[in-house]
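For reference, the structure is listed below as structure tokens.
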Amino acid sequence: MRYKSIAFILAFTCCCAATFAQRNSHAANYKVSGPATYVNPFIGASTSAADAGVYHGLGKTFPGATTPYGMVQLSPNTITGGDYNHANEPVHHIPFLYNRLGAPWLTQKWSREICRRAYKNSVEGLVGNEDVGQMSAWYVLAASGIHPVCPGDTRQEITSPVFDKITFRLDPKYDKGKTFTIIAKNNSAKNIYIQSAKLNGQPYSKCHLDYKNIASGGVLELTMGNEPNKSWGIN
């Protein structure tokens, strides 16, 4: 990292926020432009998570690092410390990237943890400010069990719902179906991991939906458990 004068920042670390707006360089590694693009400062940009070396949270390290980093690193008592700062929107897609890295159970873990720790039914119940509805929109979608990663991409990531059941009323101007319902069976504060799924009564093994699946109407049924099922959603 260099200053505008081209001089290097000698004390730079990946958690340095001095030269970044509303995030640090660690969070900036996970920018998304068009298809999900993973950026490793040692290697460069790639649409392949493996090629880019984006192994954070999976027990791997950046070259030269001595300990693994996680895409979501939280300080013990807040959601605004560590490498992930939910109070600022540039990181809001990060928890859902684990779906694209072949580790959907980590998307499930962290989206539920953020829902639990960043939102409260009280005064100042939002971490950070509302920013034209984004902070609440994130919760509504994540707590429902789906969330997009990239604007314009019709892929919707499946995650762990906070709600046992939620029904979206679809707009007849744009959608063929009337409603789309997400049901989480055996759901609880401890049972946060998806064990299996059904879409319209048929077994469903993907950790994502296309928006056309939602627009057509139907039911996504998730069975939850307290341990990750590391064989579901990895294809």
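Here are the numbers:
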read-out: Test: residue in region 193-203 that is touching a strand residue (DSSP E or B) at 6+ places or on another chain (Cβ under 7 Å), buried (at least 16 other Cβ atoms within 10 Å of the Cβ) and part of a loop (DSSP other than H, G, I, E, B); value: no
read-out: Matching residues in region 164-178 - criterion: being in contact (Cβ under 8 Å) with a residue 24 or more places away in the chain and either charged (D, E, K, R) or under 13 Å from N213 (Cβ atoms) (or both); value: F168, L170, D175, K176, G177, K178
read-out: Residue in region 172-185 that is of a type in the set (F, W, Y) and within 19 Å of R100 (Cα to Cα) present; value: no
read-out: Those residues of region 119-163 which are surrounded by fewer than 16 Cβ atoms within 10 Å (Cβ to Cβ), under 12 Å from Y211 (Cβ atoms) and either aromatic (F, W, Y) or in contact with a helix residue (DSSP H, G or I) (Cβ under 6 Å, 6 or more places away or on another chain) (or both), in sequence order; value: T154
read-out: Residues (closer than 21 Å to K185 by Cβ and touching a Lys or Arg at 6+ places or on another chain (Cβ under 9 Å)) located in region 144-160; value: E157, I158, T159, S160
read-out: Evaluation of Y211 against (1) surrounded by 16 or more Cβ atoms within 10 Å (Cβ to Cβ); (2) farther than 22 Å from L106 by Cβ; (3) hydroxyl-bearing (S, T, Y) (one fails), failing number; value: (1)
read-out: Any pair with Cβ under 6 angstrom, 6 or more apart, that starts in region 198-213 at a residue that is touching a residue at least 12 places away in the same chain (Cβ under 8 Å) and ends at one that is of a type outside the set (D, E, K, R) and surrounded by fewer than 13 Cβ atoms within 10 Å (Cβ to Cβ); value: S205/N235
read-out: Residue selected from region 164-191 under the condition among the small types (G, A, S) and surrounded by fewer than 13 Cβ atoms within 10 Å (Cβ to Cβ), by the criterion nearest to I114 (Cα to Cα); value: A189
read-out: Residues within region 221-235 that are more than 19 Å from the chain's Cα centre (by Cα) and surrounded by 15 or more Cβ atoms within 10 Å (Cβ to Cβ), tallied; value: 3
read-out: Candidates Q156, Q195, filtered to the one that is modelled with pLDDT of 95 or more, closer than 26 Å to V91 by Cβ and polar (S, T, N, Q); value: Q156
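The values are calculated or read from the model by the stated rules, or taken from the named source; none is laboratory data. It should be emphasised that the depicted structure is a prediction, and the values quoted were computed from it without experimental measurement. Glycine gets a Cβ as well: all are built from the backbone with ideal geometry, and neighbour counts include every protein chain shown.
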